[in-house]
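These notes are about the structure you will find just below.
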Amino acid sequence: MSRPGGTSASRRRAVAPLLPLALAGLALGGCETTQDVSARIGERLAREQQAATGLERQGRAPRGVRAGRPTVLPSGDAAAVVVEVVNRSGRAWRDLPVAVRVRGDGVDYTNRTVGLETAQLRIPSLAPGARLWWVNDHLPALRGRARTVRAAVGRGRPIGGALPRVRVSALRAGREDGRPVVRAVVRNLGRRVVRDLTVFTVALRDGRPVAAGTAKVLELPPGERRDVTTFVVGDPTRGRLVAAAPPAPAAR
């Protein structure tokens with residue numbers, strides 16, 4: 001067993017060489033205190049987290065753009081939230097953030113978290129007079145009904161030029177691998193390639209969503225079409241099918 005005196009002496013020898021370095025660091029930093037260093041590191045980490053998670057301030061939605069009452073569609077192993085977004089302004093908008101929060105038994109979900117696709121965070125574009133049923137089908141399974149469902153649209157950016165023209169048609173409900181699906185045809189009616197399209201599909205009954213889902217089209221050259229299959233939450237045979245694939249504005 002070591003003697004107490006020997007232990008204390010060895011500690012003094014280990015700590016003593018570090019003191020000049022620590023003092024020199026304070027002098028070079030303009031006598032920056034530990035609290036200053038901690039605050040600076042905290043601010044940097046907050047900025048990095050904000051950039052990584054998309055927790056930017058949403059701001060206020062453009063005038064004439066509003067979100068309707070959100071609807072949650074539960075399922076056995078997943079759930080979806082659907083929000084109708086309407087643009088009553090005379091301008092087209094891009095990158096409209098949509099924030100949602102769903103609380104239920106064992107679930108407190110928000111889409112402002114790490115790892116979600118852009119389509120689960122925002123609307124790529126919204127033309128003047130457009131009505132879009134925006135879908136986030138990445139919710140965890142809900143046990144019972146959601147107690148709280150909230151949705152809000154934030155500040156987007158105006159679009160100066162024309163939007164690419166994309167049409168979704170020939171919607172039909174079916175099943176694939178035992179799961180409900182909606183099949184459709186997506187066409188590029190413009191003269192430029194469109195990329196990273198998200199197809200938002202909803203079944204409406206008495207104006208309310210009863211089924212919804214999303215699908216991706218990675219690339220669609222001008223004049224071409226793609227057959228798309230969307231796996232949905234809910235029963236798409238119970239309602240009228242609607243779908244849209246709002247494109248991002250063409251790069252300039």
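The values are calculated or read from the model by the stated rules, or taken from the named source; none is laboratory data. Note that this is a predicted model, so its numbers are computed, not measured. A quick note on method: Cβ atoms are made from the backbone with ideal geometry, for glycine too, and the neighbour counts reach across all protein chains shown.
Against the definition (more than 23 Å from Val228 (Cβ to Cβ) and in the same structural domain as Arg191 (by TED's automatic domain parsing)), how does Ala170 come out, yes or no?
Numbers: more than 23 Å from Val228 (Cβ to Cβ): no; in the same structural domain as Arg191 (by TED's automatic domain parsing): yes.
Spelling it out, it is not the case that Ala170 is more than 23 Å from Val228 (Cβ to Cβ) and in the same structural domain as Arg191 (by TED's automatic domain parsing).
Within region 88-110, can one find any residue that is surrounded by 16 or more Cβ atoms within 10 Å (Cβ to Cβ), of a type in the set (D, E, K, R) and not in a strand (DSSP E or B)?
Yes; the residues of region 88-110 include at least one that is surrounded by 16 or more Cβ atoms within 10 Å (Cβ to Cβ), of a type in the set (D, E, K, R) and not in a strand (DSSP E or B).
For every residue, the table says whether it meets (1) under 12 Å from Ala245 (Cβ atoms); (2) free of Cβ contacts under 8 Å to residues at least 24 places away in the same chain.
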| residue | (1), (2) |
| --- | --- |
| Arg122 | no, no |
| Pro140 | no, no |
| Ala162 | no, yes |
| Val186 | yes, no |
| Asp196 | yes, no |
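Search region 65-78 for residues that are over 12 Å from Trp134 (Cα atoms) and pair each with any residue that is among the polar types (S, T, N, Q) when their beta-carbon atoms are under 6 Å apart and the residues are at least 6 apart or on different chains.
Sorted first by the residue in region 65-78, then by its partner, the pairs are Val65/Asn87.
Look through Val153, Val135 and report the one residue that is touching a Gly at 6+ places or on another chain (Cβ under 8 Å), within 19 Å of Arg94 (Cα to Cα), among the β-branched types (Val, Ile, Thr) and surrounded by 14 or more Cβ atoms within 10 Å (Cβ to Cβ).
On the way: Val153 fails: touching a Gly at 6+ places or on another chain (Cβ under 8 Å).
Selected residue: Val135, the only one of Val153, Val135 that is touching a Gly at 6+ places or on another chain (Cβ under 8 Å), within 19 Å of Arg94 (Cα to Cα), among the β-branched types (Val, Ile, Thr) and surrounded by 14 or more Cβ atoms within 10 Å (Cβ to Cβ).
Out of all the residues in region 64-78, which are at pLDDT 90 or above and assigned to a strand (DSSP E or B)? Reasoning before the result, please.
Initially, region 64-78 is screened for residues at pLDDT 90 or above, giving 64-73.
Correct list: Val65, Arg66, Ala67, Thr71, Val72, Leu73.
Residue-by-condition table, conditions (1) outside the structural domain of Gly156 (by TED's automatic domain parsing); (2) surrounded by fewer than 18 Cβ atoms within 10 Å (Cβ to Cβ); (3) outside any loop (DSSP other than H, G, I, E, B):
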residue	(1), (2), (3)
Arg191	no, yes, no
Phe200	no, no, yes
Ala203	no, no, yes
Pro209	no, no, yes
Ala212	no, no, yes
Thr229	no, yes, yes
Ala243	no, no, yes
